[in-house]
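Coordinate-derived values only; no laboratory data. If you're wondering where the values come from, they're calculated on a predicted model, not measured in any experiment. Don't worry about glycine lacking a Cβ; one is built from the backbone with ideal geometry, like all the others, and counts go over all protein chains shown.
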Amino acid sequence: MDRTGRALSATRYLVLAGVVASLTLSAILFVVILARIVVLIGEIISAVGSEGALKLLAIASIELVDLSLLAAALYIVGLGLFELFIGPVRLPGWLVIASLDDLKSRLISVVVVILATSFLGQVIFWNGTTDLLPLGVAIAVVILALTAFSMLHIGRDERRATLPQPAEPVASTADQATGLADNAAPASRDDLDEWNADAASGATHQR
């Protein structure tokens, strides 16, 4: 039975595959972002003075923000899986993940920002003929659903935290008297003689 328990406990290390995959993809995206920034600097320098320079910078910035948020989401997933299944990691307090609800809430925050940034990119790319209203409404509905889901979980956790804790059982008068008697009773023959002597001395003083 102990071997079976240890074997089942060891299966949690299978999560390391997801941790490695998430962190590797996150690192690759960050490297791509750095390379894209270097290329973008060269393109902006060569386009200085032209009318499309600012638009080029705005479009590239939106793309880089999207990639950065995606890389951050993958990084959070990797760290969260490691914290939940393997062991604690020294991280800032806001990034500590103690449950799947914590992981979901952090991912929801990142996803909401990604959706908003993606819609902003569509607005910048807008050519004046495409109808962006359906896309905007769809993104708004998804954001509202994710926000409602997150708020429901937060409210549930707060209600659990405010529930009264069960009171500790109070010892009855008989139990208290028994405890006092046990504490007052002598533990050995010498203690018994000393206890009797003290009682006799107290009686003499009272007379």
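Quick notes on this structure:
- Among the GluC sites (Glu not before Pro) within the range 22-106, those in coil by DSSP and having at most 15 neighbouring Cβ atoms inside 10 Å are E51.
- With the convex hull of its Cα atoms as the shape, the range 1-137 has an orientation-averaged projected area of 11.9 nm².
- A Förster distance of 22 Å, applied to the separation of the beta-carbon atoms of F30 and L152, puts the FRET efficiency at 0.10.
- Pairs of Cα atoms nearer than 8 Å and 6+ residues apart set the relative contact order; for the range 78-147 it is 26 percent.
- Taking 0.36 nm per residue of separation and subtracting the current Cα-Cα distance, fully stretching the chain between S68 and V142 would add 24.5 nm.
- Cα-based shape type of the range 96-153, given that a ≥ b ≥ c are square roots of the gyration tensor eigenvalues and the cut on a/c is 1.5: oblate
- In nm, spacing of pseudo-spin labels at A116 and L100 (7 Å Cα→C-beta vector): 2.8 nm
- Inter-probe distance in nm under a simple model that places probes 7 Å from Cα toward Cβ, at S50 and T11: 5.9 nm
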